[in-house]
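Below: the structure, in C-alpha coordinates.
The values are calculated or read from the model by the stated rules, or taken from the named source; none is laboratory data. Note that the structure is predicted; figures quoted are calculated from it, not measured. When we count neighbours, we look across all protein chains shown, and the Cβ atoms used for this are built from the backbone with ideal geometry, even at glycine. Remember, those area values only see protein heavy atoms, side chains included, never the ligands or the DNA or RNA. Shrake-Rupley method; radii C 1.70, N 1.55, O 1.52, S 1.80 Å.
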There are 4 protein chains.
Amino acid sequence: MIFKHKFRVRWVDTDTAGVMHFSNYFRYFEACEEEFYRSLGMEPDRIRGKYGIMLPRVETACQYKAACRYNDAIEVTLKVREVGTKTVTYDFQILNEARIAAEGFVKCIAVNLDWKVVDLPEEFTKILRKSTL
Amino acid sequence: MIFKHKFRVRWVDTDTAGVMHFSNYFRYFEACEEEFYRSLGMEPDRIRGKYGIMLPRVETACQYKAACRYNDAIEVTLKVREVGTKTVTYDFQILNEARIAAEGFVKCIAVNLDWKVVDLPEEFTKILRKSTL
Amino acid sequence: MIFKHKFRVRWVDTDTAGVMHFSNYFRYFEACEEEFYRSLGMEPDRIRGKYGIMLPRVETACQYKAACRYNDAIEVTLKVREVGTKTVTYDFQILNEARIAAEGFVKCIAVNLDWKVVDLPEEFTKILRKSTL
Amino acid sequence: MIFKHKFRVRWVDTDTAGVMHFSNYFRYFEACEEEFYRSLGMEPDRIRGKYGIMLPRVETACQYKAACRYNDAIEVTLKVREVGTKTVTYDFQILNEARIAAEGFVKCIAVNLDWKVVDLPEEFTKILRKSTL
(Lines give C-alpha, C1' and ligand atoms only; values in the text may rest on other atoms or scores of the structure.)
Protein backbone atom coordinates (compact mmCIF):
# COMPACT_ATOMS: atom_id res chain seq x y z
CA MET A 1 0.00 0.00 0.00
CA ILE A 2 1.16 3.49 -0.80
CA PHE A 3 -0.28 6.06 1.54
CA LYS A 4 -0.89 9.52 0.06
CA HIS A 5 -1.69 12.83 1.67
CA LYS A 6 -2.06 16.25 0.11
CA PHE A 7 -0.55 19.42 1.55
CA ARG A 8 -0.25 23.04 0.54
CA VAL A 9 3.21 24.55 0.61
CA ARG A 10 2.94 27.28 3.22
CA TRP A 11 4.50 30.71 2.83
CA VAL A 12 6.59 30.26 5.96
CA ASP A 13 8.19 27.14 4.48
CA THR A 14 9.63 29.03 1.52
CA ASP A 15 12.85 31.06 1.44
CA THR A 16 14.34 34.05 -0.36
CA ALA A 17 14.89 31.96 -3.50
CA GLY A 18 11.09 31.57 -3.69
CA VAL A 19 11.14 27.83 -3.11
CA MET A 20 10.46 25.48 -0.22
CA HIS A 21 13.52 25.29 2.01
CA PHE A 22 15.24 21.91 1.72
CA SER A 23 14.90 21.14 5.43
CA ASN A 24 11.13 21.52 5.25
CA TYR A 25 10.76 18.52 2.94
CA PHE A 26 11.44 16.45 6.05
CA ARG A 27 8.66 18.25 7.89
CA TYR A 28 6.22 17.27 5.16
CA PHE A 29 7.54 13.69 5.23
CA GLU A 30 6.79 13.59 8.94
CA ALA A 31 3.36 15.17 8.59
CA CYS A 32 2.57 12.46 6.03
CA GLU A 33 3.82 9.81 8.48
CA GLU A 34 1.46 11.23 11.12
CA GLU A 35 -1.48 10.97 8.75
CA PHE A 36 -0.37 7.46 7.76
CA TYR A 37 -0.59 6.26 11.37
CA ARG A 38 -3.97 7.90 11.70
CA SER A 39 -5.13 6.04 8.56
CA LEU A 40 -4.12 2.78 10.28
CA GLY A 41 -6.30 3.62 13.26
CA MET A 42 -3.38 4.67 15.46
CA GLU A 43 -3.55 8.25 16.62
CA PRO A 44 0.10 9.28 16.39
CA ASP A 45 0.16 10.85 19.86
CA ARG A 46 -0.99 7.61 21.47
CA ILE A 47 1.79 5.33 20.20
CA ARG A 48 3.90 6.40 23.15
CA GLY A 49 1.11 5.70 25.61
CA LYS A 50 -0.19 2.49 24.08
CA TYR A 51 3.07 0.78 23.15
CA GLY A 52 5.51 2.58 25.44
CA ILE A 53 7.82 3.34 22.54
CA MET A 54 9.13 6.32 20.65
CA LEU A 55 10.55 6.21 17.14
CA PRO A 56 13.55 8.56 16.91
CA ARG A 57 15.13 8.80 13.50
CA VAL A 58 18.49 7.15 12.87
CA GLU A 59 18.89 8.01 9.22
CA THR A 60 17.29 10.32 6.68
CA ALA A 61 18.01 11.27 3.10
CA CYS A 62 16.40 13.28 0.36
CA GLN A 63 17.03 13.88 -3.33
CA TYR A 64 15.60 17.10 -4.69
CA LYS A 65 14.37 16.94 -8.28
CA ALA A 66 12.23 20.02 -8.77
CA ALA A 67 11.42 23.08 -6.71
CA CYS A 68 8.18 23.45 -4.76
CA ARG A 69 6.83 26.96 -4.47
CA TYR A 70 4.37 28.81 -2.27
CA ASN A 71 0.86 27.42 -2.38
CA ASP A 72 1.78 24.45 -4.57
CA ALA A 73 -0.61 21.56 -3.99
CA ILE A 74 1.83 18.76 -3.25
CA GLU A 75 1.10 15.12 -2.61
CA VAL A 76 3.37 13.22 -0.26
CA THR A 77 3.44 9.44 -0.59
CA LEU A 78 4.70 7.04 2.06
CA LYS A 79 5.57 3.41 1.56
CA VAL A 80 6.86 1.22 4.37
CA ARG A 81 10.06 -0.15 2.90
CA GLU A 82 11.11 -2.41 5.72
CA VAL A 83 9.97 -3.42 9.17
CA GLY A 84 12.88 -4.86 11.10
CA THR A 85 12.97 -6.21 14.63
CA LYS A 86 13.79 -2.78 16.02
CA THR A 87 13.53 -0.46 13.05
CA VAL A 88 11.08 0.78 10.48
CA THR A 89 12.01 2.52 7.24
CA TYR A 90 9.65 4.62 5.15
CA ASP A 91 10.19 5.71 1.55
CA PHE A 92 8.73 9.05 0.61
CA GLN A 93 8.01 10.91 -2.58
CA ILE A 94 6.76 14.43 -3.03
CA LEU A 95 4.71 14.93 -6.15
CA ASN A 96 4.05 18.41 -7.45
CA GLU A 97 1.58 18.48 -10.34
CA ALA A 98 2.42 14.86 -11.21
CA ARG A 99 6.15 15.61 -11.30
CA ILE A 100 8.40 14.03 -8.70
CA ALA A 101 9.76 16.96 -6.71
CA ALA A 102 11.67 14.88 -4.19
CA GLU A 103 12.39 11.34 -3.05
CA GLY A 104 13.74 10.30 0.29
CA PHE A 105 13.59 7.95 3.19
CA VAL A 106 13.44 8.02 6.96
CA LYS A 107 14.65 5.17 9.15
CA CYS A 108 13.46 5.01 12.77
CA ILE A 109 14.47 2.85 15.70
CA ALA A 110 12.25 1.81 18.59
CA VAL A 111 13.25 3.06 22.03
CA ASN A 112 11.36 2.84 25.28
CA LEU A 113 10.57 5.91 27.33
CA ASP A 114 14.06 5.74 28.88
CA TRP A 115 15.60 5.88 25.39
CA LYS A 116 16.80 2.27 25.47
CA VAL A 117 16.58 0.49 22.11
CA VAL A 118 13.85 -2.15 22.22
CA ASP A 119 12.06 -4.50 19.86
CA LEU A 120 9.09 -3.09 18.03
CA PRO A 121 5.92 -4.36 19.76
CA GLU A 122 4.47 -7.39 17.97
CA GLU A 123 1.05 -5.84 17.37
CA PHE A 124 2.64 -2.67 16.04
CA THR A 125 4.87 -4.67 13.68
CA LYS A 126 1.88 -6.65 12.46
CA ILE A 127 -0.09 -3.51 11.62
CA LEU A 128 2.87 -1.99 9.78
CA ARG A 129 3.62 -5.21 7.87
CA LYS A 130 -0.01 -5.49 6.84
CA SER A 131 0.18 -2.00 5.42
CA THR A 132 2.93 -3.14 3.05
CA LEU A 133 0.74 -5.75 1.33
CA MET B 1 20.21 47.04 32.30
CA ILE B 2 19.56 46.40 28.66
CA PHE B 3 20.86 43.05 27.51
CA LYS B 4 22.03 42.84 23.90
CA HIS B 5 22.89 39.91 21.70
CA LYS B 6 23.86 39.83 18.02
CA PHE B 7 22.47 37.33 15.54
CA ARG B 8 22.71 36.72 11.83
CA VAL B 9 19.43 36.36 9.95
CA ARG B 10 19.57 32.82 8.61
CA TRP B 11 18.44 31.87 5.11
CA VAL B 12 15.84 29.46 6.46
CA ASP B 13 14.20 32.28 8.42
CA THR B 14 13.44 34.28 5.29
CA ASP B 15 10.49 33.81 2.93
CA THR B 16 9.60 34.30 -0.73
CA ALA B 17 9.35 38.06 -0.21
CA GLY B 18 13.06 38.02 0.65
CA VAL B 19 12.56 39.09 4.24
CA MET B 20 12.54 37.44 7.64
CA HIS B 21 9.17 35.80 8.25
CA PHE B 22 7.18 37.68 10.89
CA SER B 23 6.86 34.62 13.16
CA ASN B 24 10.63 34.27 13.33
CA TYR B 25 11.06 37.57 15.16
CA PHE B 26 9.68 35.73 18.17
CA ARG B 27 12.32 33.04 17.74
CA TYR B 28 15.05 35.67 17.90
CA PHE B 29 13.36 37.27 20.94
CA GLU B 30 13.51 33.89 22.65
CA ALA B 31 17.10 33.18 21.63
CA CYS B 32 18.01 36.56 23.16
CA GLU B 33 16.12 35.61 26.34
CA GLU B 34 18.16 32.39 26.49
CA GLU B 35 21.41 34.34 26.25
CA PHE B 36 20.11 36.85 28.81
CA TYR B 37 19.64 34.08 31.40
CA ARG B 38 23.10 32.75 30.60
CA SER B 39 24.52 36.25 31.16
CA LEU B 40 22.92 36.19 34.64
CA GLY B 41 24.69 32.93 35.43
CA MET B 42 21.58 30.81 34.95
CA GLU B 43 21.95 28.22 32.22
CA PRO B 44 18.48 28.34 30.63
CA ASP B 45 18.04 24.56 30.63
CA ARG B 46 18.60 24.38 34.37
CA ILE B 47 15.85 26.78 35.48
CA ARG B 48 13.42 23.89 35.39
CA GLY B 49 15.70 21.69 37.47
CA LYS B 50 16.88 24.30 39.94
CA TYR B 51 13.65 26.20 40.58
CA GLY B 52 11.06 23.63 39.53
CA ILE B 53 9.34 26.13 37.27
CA MET B 54 8.65 26.69 33.61
CA LEU B 55 7.79 30.03 32.04
CA PRO B 56 5.13 29.54 29.37
CA ARG B 57 4.13 32.65 27.52
CA VAL B 58 0.76 34.26 28.20
CA GLU B 59 1.03 37.22 25.88
CA THR B 60 3.22 38.36 23.03
CA ALA B 61 3.17 41.24 20.60
CA CYS B 62 5.37 42.69 17.92
CA GLN B 63 5.40 45.82 15.78
CA TYR B 64 7.34 45.53 12.56
CA LYS B 65 9.09 48.72 11.43
CA ALA B 66 11.59 47.62 8.79
CA ALA B 67 12.36 44.38 7.01
CA CYS B 68 15.28 42.14 7.98
CA ARG B 69 16.92 40.27 5.14
CA TYR B 70 19.17 37.25 4.76
CA ASN B 71 22.51 37.60 6.53
CA ASP B 72 21.65 40.92 8.16
CA ALA B 73 23.61 41.38 11.37
CA ILE B 74 20.82 42.16 13.80
CA GLU B 75 21.05 43.06 17.46
CA VAL B 76 18.27 41.98 19.78
CA THR B 77 17.86 43.90 23.00
CA LEU B 78 15.98 42.65 26.06
CA LYS B 79 14.83 44.74 28.97
CA VAL B 80 12.93 43.27 31.89
CA ARG B 81 9.87 45.50 32.02
CA GLU B 82 8.16 44.03 35.05
CA VAL B 83 8.65 41.22 37.53
CA GLY B 84 5.32 40.42 39.16
CA THR B 85 4.55 37.82 41.80
CA LYS B 86 3.89 35.19 39.17
CA THR B 87 4.84 36.85 35.90
CA VAL B 88 7.76 38.38 34.13
CA THR B 89 7.53 40.65 31.09
CA TYR B 90 10.39 41.39 28.72
CA ASP B 91 10.54 44.23 26.19
CA PHE B 92 12.45 43.50 23.02
CA GLN B 93 13.86 45.51 20.16
CA ILE B 94 15.49 44.29 17.01
CA LEU B 95 18.05 46.68 15.61
CA ASN B 96 19.25 46.31 12.06
CA GLU B 97 22.14 48.63 11.22
CA ALA B 98 21.08 51.04 13.98
CA ARG B 99 17.51 51.18 12.67
CA ILE B 100 14.73 49.73 14.81
CA ALA B 101 13.39 46.82 12.78
CA ALA B 102 10.89 45.63 15.37
CA GLU B 103 9.66 46.19 18.90
CA GLY B 104 7.71 43.76 20.99
CA PHE B 105 7.18 42.14 24.32
CA VAL B 106 6.73 38.70 25.80
CA LYS B 107 4.92 38.06 29.07
CA CYS B 108 5.49 34.76 30.88
CA ILE B 109 3.83 33.15 33.85
CA ALA B 110 5.46 30.77 36.32
CA VAL B 111 4.04 27.26 36.46
CA ASN B 112 5.36 24.23 38.29
CA LEU B 113 6.14 21.01 36.48
CA ASP B 114 2.44 20.03 36.73
CA TRP B 115 1.51 23.27 34.93
CA LYS B 116 -0.06 24.86 38.02
CA VAL B 117 0.50 28.59 38.28
CA VAL B 118 2.89 29.35 41.12
CA ASP B 119 4.80 32.31 42.54
CA LEU B 120 8.16 33.06 41.01
CA PRO B 121 10.86 31.71 43.35
CA GLU B 122 12.26 34.46 45.59
CA GLU B 123 15.86 34.02 44.47
CA PHE B 124 14.82 34.00 40.82
CA THR B 125 12.81 37.20 41.32
CA LYS B 126 15.74 38.85 43.07
CA ILE B 127 18.11 38.07 40.21
CA LEU B 128 15.65 39.38 37.63
CA ARG B 129 14.89 42.55 39.64
CA LYS B 130 18.59 43.23 40.04
CA SER B 131 18.97 43.02 36.28
CA THR B 132 16.53 45.93 35.92
CA LEU B 133 18.67 48.35 37.91
CA MET C 1 -18.39 35.92 8.36
CA ILE C 2 -16.04 33.92 10.50
CA PHE C 3 -13.77 31.67 8.46
CA LYS C 4 -12.73 28.41 10.10
CA HIS C 5 -10.08 25.88 9.20
CA LYS C 6 -9.00 22.75 11.03
CA PHE C 7 -5.37 21.77 11.53
CA ARG C 8 -3.47 19.08 13.39
CA VAL C 9 -0.71 20.20 15.69
CA ARG C 10 2.41 18.67 14.16
CA TRP C 11 5.17 17.06 16.21
CA VAL C 12 7.75 19.50 14.86
CA ASP C 13 5.70 22.43 16.17
CA THR C 14 5.95 21.26 19.80
CA ASP C 15 8.84 21.81 22.20
CA THR C 16 10.48 20.15 25.18
CA ALA C 17 7.60 21.26 27.44
CA GLY C 18 5.33 19.06 25.30
CA VAL C 19 3.29 21.97 23.96
CA MET C 20 3.09 23.95 20.75
CA HIS C 21 5.82 26.58 20.71
CA PHE C 22 4.37 30.08 21.13
CA SER C 23 5.85 31.32 17.84
CA ASN C 24 4.06 28.60 15.90
CA TYR C 25 0.62 29.99 16.75
CA PHE C 26 1.44 32.71 14.23
CA ARG C 27 2.22 30.05 11.61
CA TYR C 28 -1.23 28.54 12.10
CA PHE C 29 -2.79 32.02 11.94
CA GLU C 30 -1.09 32.51 8.59
CA ALA C 31 -2.03 29.08 7.26
CA CYS C 32 -5.64 29.93 8.13
CA GLU C 33 -5.29 33.26 6.31
CA GLU C 34 -4.05 31.37 3.23
CA GLU C 35 -7.10 29.10 3.33
CA PHE C 36 -9.33 32.13 3.89
CA TYR C 37 -8.14 33.74 0.66
CA ARG C 38 -8.61 30.45 -1.16
CA SER C 39 -12.19 30.31 0.17
CA LEU C 40 -12.78 33.76 -1.38
CA GLY C 41 -11.63 32.48 -4.76
CA MET C 42 -8.21 34.12 -4.54
CA GLU C 43 -5.33 31.68 -4.66
CA PRO C 44 -2.95 33.22 -2.13
CA ASP C 45 0.08 32.94 -4.43
CA ARG C 46 -1.66 34.98 -7.11
CA ILE C 47 -2.44 38.10 -5.07
CA ARG C 48 1.02 39.39 -5.91
CA GLY C 49 0.58 38.72 -9.61
CA LYS C 50 -3.02 39.85 -9.94
CA TYR C 51 -3.00 42.96 -7.76
CA GLY C 52 0.70 43.79 -7.70
CA ILE C 53 0.71 43.97 -3.92
CA MET C 54 2.20 42.18 -0.97
CA LEU C 55 0.85 42.30 2.55
CA PRO C 56 3.72 42.45 5.03
CA ARG C 57 2.73 42.46 8.65
CA VAL C 58 3.03 45.64 10.69
CA GLU C 59 1.66 44.38 13.98
CA THR C 60 0.87 41.06 15.60
CA ALA C 61 -0.22 39.96 19.05
CA CYS C 62 -1.35 36.80 20.75
CA GLN C 63 -2.76 35.86 24.12
CA TYR C 64 -2.22 32.26 25.14
CA LYS C 65 -5.01 30.72 27.21
CA ALA C 66 -4.41 26.98 27.11
CA ALA C 67 -1.68 24.74 25.77
CA CYS C 68 -1.97 22.87 22.48
CA ARG C 69 -0.26 19.52 22.33
CA TYR C 70 0.95 17.14 19.65
CA ASN C 71 -1.80 15.88 17.36
CA ASP C 72 -4.50 18.10 18.89
CA ALA C 73 -7.21 18.83 16.35
CA ILE C 74 -7.34 22.60 16.49
CA GLU C 75 -9.67 24.95 14.69
CA VAL C 76 -8.37 28.35 13.70
CA THR C 77 -10.94 31.08 13.09
CA LEU C 78 -10.30 34.27 11.15
CA LYS C 79 -12.46 37.36 11.16
CA VAL C 80 -11.59 40.45 9.17
CA ARG C 81 -11.69 43.14 11.84
CA GLU C 82 -10.97 46.15 9.69
CA VAL C 83 -10.21 46.99 6.09
CA GLY C 84 -8.54 50.40 5.92
CA THR C 85 -7.32 52.29 2.88
CA LYS C 86 -3.92 50.66 3.11
CA THR C 87 -4.27 48.07 5.84
CA VAL C 88 -6.22 44.97 6.73
CA THR C 89 -6.48 43.51 10.23
CA TYR C 90 -7.55 39.95 11.00
CA ASP C 91 -8.66 38.63 14.39
CA PHE C 92 -7.80 35.02 15.09
CA GLN C 93 -8.82 32.43 17.62
CA ILE C 94 -7.46 28.96 18.11
CA LEU C 95 -9.99 26.53 19.48
CA ASN C 96 -8.86 23.25 20.96
CA GLU C 97 -11.74 20.92 21.82
CA ALA C 98 -14.12 23.89 22.08
CA ARG C 99 -11.80 25.70 24.50
CA ILE C 100 -10.14 28.93 23.38
CA ALA C 101 -6.44 28.12 23.31
CA ALA C 102 -5.34 31.50 21.96
CA GLU C 103 -6.59 34.80 20.62
CA GLY C 104 -4.64 37.22 18.53
CA PHE C 105 -4.55 39.56 15.61
CA VAL C 106 -2.41 40.34 12.61
CA LYS C 107 -2.34 43.73 10.89
CA CYS C 108 -0.96 43.97 7.36
CA ILE C 109 -0.15 46.90 5.13
CA ALA C 110 -0.28 46.95 1.34
CA VAL C 111 3.01 47.53 -0.47
CA ASN C 112 3.80 47.28 -4.14
CA LEU C 113 6.54 45.03 -5.45
CA ASP C 114 9.09 47.76 -4.67
CA TRP C 115 7.95 47.78 -1.04
CA LYS C 116 6.29 51.21 -1.30
CA VAL C 117 3.11 51.56 0.76
CA VAL C 118 0.09 51.76 -1.53
CA ASP C 119 -3.69 51.74 -1.30
CA LEU C 120 -5.36 48.36 -1.24
CA PRO C 121 -6.78 47.69 -4.72
CA GLU C 122 -10.49 48.54 -4.91
CA GLU C 123 -11.58 45.07 -6.01
CA PHE C 124 -9.50 43.45 -3.29
CA THR C 125 -11.02 45.75 -0.66
CA LYS C 126 -14.51 44.98 -1.91
CA ILE C 127 -14.00 41.24 -1.62
CA LEU C 128 -12.57 41.57 1.89
CA ARG C 129 -15.35 43.94 3.03
CA LYS C 130 -17.97 41.58 1.68
CA SER C 131 -16.44 38.80 3.74
CA THR C 132 -17.14 40.81 6.90
CA LEU C 133 -20.91 40.92 6.35
CA MET D 1 40.60 22.40 6.27
CA ILE D 2 37.74 21.56 8.57
CA PHE D 3 35.61 24.56 9.40
CA LYS D 4 33.99 24.57 12.84
CA HIS D 5 31.28 26.72 14.33
CA LYS D 6 29.60 26.51 17.73
CA PHE D 7 25.87 26.84 18.26
CA ARG D 8 23.46 26.53 21.14
CA VAL D 9 20.48 24.24 20.63
CA ARG D 10 17.51 26.58 20.90
CA TRP D 11 14.31 25.69 22.76
CA VAL D 12 12.22 26.14 19.61
CA ASP D 13 14.33 23.50 17.82
CA THR D 14 13.40 20.78 20.32
CA ASP D 15 10.25 18.67 20.34
CA THR D 16 8.01 16.84 22.80
CA ALA D 17 10.58 14.06 23.17
CA GLY D 18 12.94 16.68 24.63
CA VAL D 19 15.44 16.44 21.79
CA MET D 20 16.33 18.48 18.73
CA HIS D 21 13.92 17.67 15.91
CA PHE D 22 15.64 15.67 13.17
CA SER D 23 14.82 18.25 10.47
CA ASN D 24 16.61 20.96 12.42
CA TYR D 25 19.99 19.26 12.05
CA PHE D 26 19.84 20.46 8.45
CA ARG D 27 19.23 24.02 9.65
CA TYR D 28 22.39 23.88 11.75
CA PHE D 29 24.30 22.39 8.79
CA GLU D 30 23.20 25.36 6.72
CA ALA D 31 24.01 27.91 9.41
CA CYS D 32 27.50 26.39 9.57
CA GLU D 33 27.76 26.67 5.78
CA GLU D 34 26.84 30.37 6.03
CA GLU D 35 29.60 30.95 8.59
CA PHE D 36 32.01 28.93 6.44
CA TYR D 37 31.50 31.26 3.48
CA ARG D 38 31.94 34.25 5.78
CA SER D 39 35.22 32.75 7.00
CA LEU D 40 36.38 32.62 3.36
CA GLY D 41 35.65 36.32 2.96
CA MET D 42 32.43 35.78 1.02
CA GLU D 43 29.39 37.22 2.73
CA PRO D 44 26.81 34.53 2.01
CA ASP D 45 24.15 37.00 0.84
CA ARG D 46 26.49 38.39 -1.81
CA ILE D 47 27.24 35.16 -3.66
CA ARG D 48 24.10 35.71 -5.71
CA GLY D 49 25.07 39.27 -6.54
CA LYS D 50 28.78 38.72 -7.14
CA TYR D 51 28.70 35.44 -9.05
CA GLY D 52 25.12 35.41 -10.34
CA ILE D 53 24.56 31.93 -8.98
CA MET D 54 22.44 30.19 -6.40
CA LEU D 55 23.25 26.83 -4.84
CA PRO D 56 20.04 24.82 -4.42
CA ARG D 57 20.45 21.46 -2.79
CA VAL D 58 20.14 18.30 -4.87
CA GLU D 59 20.85 15.73 -2.19
CA THR D 60 21.05 15.61 1.59
CA ALA D 61 21.46 12.88 4.16
CA CYS D 62 21.97 12.57 7.87
CA GLN D 63 22.75 9.78 10.31
CA TYR D 64 21.70 10.47 13.88
CA LYS D 65 23.98 8.99 16.54
CA ALA D 66 23.01 10.72 19.77
CA ALA D 67 20.31 13.15 20.81
CA CYS D 68 20.93 16.88 21.19
CA ARG D 69 18.93 18.60 23.89
CA TYR D 70 17.93 22.14 24.76
CA ASN D 71 20.86 24.46 25.38
CA ASP D 72 23.50 21.89 24.43
CA ALA D 73 26.63 23.59 23.16
CA ILE D 74 27.12 21.84 19.84
CA GLU D 75 29.92 22.22 17.36
CA VAL D 76 29.15 21.80 13.69
CA THR D 77 32.04 20.92 11.40
CA LEU D 78 32.04 21.38 7.62
CA LYS D 79 34.47 19.84 5.20
CA VAL D 80 34.24 20.40 1.47
CA ARG D 81 34.17 16.84 0.12
CA GLU D 82 34.11 17.58 -3.56
CA VAL D 83 34.00 20.53 -5.90
CA GLY D 84 32.72 19.41 -9.29
CA THR D 85 32.21 21.45 -12.42
CA LYS D 86 28.67 22.30 -11.40
CA THR D 87 28.33 20.89 -7.89
CA VAL D 88 29.79 21.22 -4.44
CA THR D 89 29.35 18.67 -1.66
CA TYR D 90 29.92 19.37 2.02
CA ASP D 91 30.33 16.79 4.77
CA PHE D 92 29.03 17.76 8.17
CA GLN D 93 29.37 16.49 11.70
CA ILE D 94 27.61 17.66 14.80
CA LEU D 95 29.65 17.21 17.95
CA ASN D 96 27.97 17.39 21.32
CA GLU D 97 30.45 17.33 24.22
CA ALA D 98 33.04 15.57 22.03
CA ARG D 99 30.54 12.87 21.02
CA ILE D 100 29.44 12.67 17.41
CA ALA D 101 25.72 13.44 17.51
CA ALA D 102 25.19 13.34 13.76
CA GLU D 103 26.96 13.01 10.43
CA GLY D 104 25.61 14.04 7.08
CA PHE D 105 26.22 15.70 3.78
CA VAL D 106 24.66 18.29 1.53
CA LYS D 107 25.20 18.39 -2.23
CA CYS D 108 24.43 21.61 -4.10
CA ILE D 109 24.26 22.45 -7.78
CA ALA D 110 25.00 25.82 -9.35
CA VAL D 111 22.11 27.53 -11.13
CA ASN D 112 21.91 31.03 -12.53
CA LEU D 113 19.19 33.44 -11.46
CA ASP D 114 16.82 31.84 -14.00
CA TRP D 115 17.38 28.46 -12.35
CA LYS D 116 19.38 27.04 -15.28
CA VAL D 117 22.20 24.72 -14.26
CA VAL D 118 25.56 26.39 -14.91
CA ASP D 119 29.23 25.81 -14.20
CA LEU D 120 30.53 27.03 -10.90
CA PRO D 121 32.42 30.31 -11.50
CA GLU D 122 36.15 29.75 -11.74
CA GLU D 123 37.08 32.10 -8.91
CA PHE D 124 34.44 30.56 -6.66
CA THR D 125 35.74 27.06 -7.43
CA LYS D 126 39.29 28.15 -6.70
CA ILE D 127 38.36 29.54 -3.29
CA LEU D 128 36.45 26.38 -2.39
CA ARG D 129 39.24 24.08 -3.61
CA LYS D 130 41.80 26.04 -1.62
CA SER D 131 39.70 25.51 1.48
CA THR D 132 40.09 21.75 1.07
CA LEU D 133 43.90 21.84 1.36
Residues of region A:40-73 that turn out to be under 18 Å from A:Arg10 (Cβ atoms), assigned to a loop (DSSP other than H, G, I, E, B) and in contact with an Asp or Glu (Cβ under 8 Å, 6 or more places away or on another chain), as a count: 4
So B:Thr132, is it more than 14 Å from chain C (Cβ to nearest Cβ) and either in contact with a Phe, Trp or Tyr (Cβ under 7 Å, 6 or more places away or on another chain) or in contact (Cβ under 8 Å) with a residue 60 or more places away in the chain (or both): yes
Criterion: open to solvent by less than 20 Å² (accessible area, probe 1.4 Å), in a helix (DSSP H, G or I) and without any contact (Cβ under 8 Å) to a residue 60 or more places away in the chain - qualifying residue of B:Tyr25, B:Tyr37: B:Tyr37
Qualifying positions in region A:22-59 - more than 13 Å from chain C (Cβ to nearest Cβ) and closer than 20 Å to D:Ser23 by Cα: A:Phe22, A:Val58, A:Glu59
Counted residues, region C:57-88 - those being of a type in the set (S, T, N, Q) and under 21 Å from B:Val106 (Cα atoms): 2
Residue that is assigned to a loop (DSSP other than H, G, I, E, B) and of a type in the set (Ser, Thr, Tyr), where the choices are D:Thr85, D:Thr89, D:Thr77: D:Thr85
Residues within region D:1-22 that are open to solvent by 30 Å² or more (accessible area, probe 1.4 Å) and over 20 Å from the mean Cα position of the chain (by Cα), tallied: 1
Which numbered condition C:Cys62 fails, given (1) within 13 Å of another protein chain (Cβ to nearest Cβ); (2) open to solvent by 20 Å² or more (accessible area, probe 1.4 Å): (2)
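Residue-wise test of (1) touching a residue at least 24 places away in the same chain (Cβ under 8 Å); (2) in contact with a strand residue (DSSP E or B) (Cβ under 6 Å, 6 or more places away or on another chain); (3) crowded, with 22+ Cβ neighbours inside 10 Å.
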site: D:Phe29; (1), (2), (3): yes, yes, yes
site: D:Met42; (1), (2), (3): yes, no, no
site: D:Arg46; (1), (2), (3): no, no, no
site: D:Met54; (1), (2), (3): yes, yes, no
Residue tally, condition more than 26 Å from A:Thr16 (Cα to Cα), touching a residue at least 40 places away in the same chain (Cβ under 8 Å) and β-branched (Val, Ile, Thr), over region B:61-89: 3
Residues (open to solvent by 90 Å² or more (accessible area, probe 1.4 Å) and assigned to a strand (DSSP E or B)) located in region A:92-133: A:Arg99
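Which residue is nearest to the other protein chains (Cβ to nearest Cβ), if the candidates are limited to region B:67-82 and must be open to solvent by 20 Å² or more (accessible area, probe 1.4 Å) and not acidic (Asp, Glu)?
B:Tyr70
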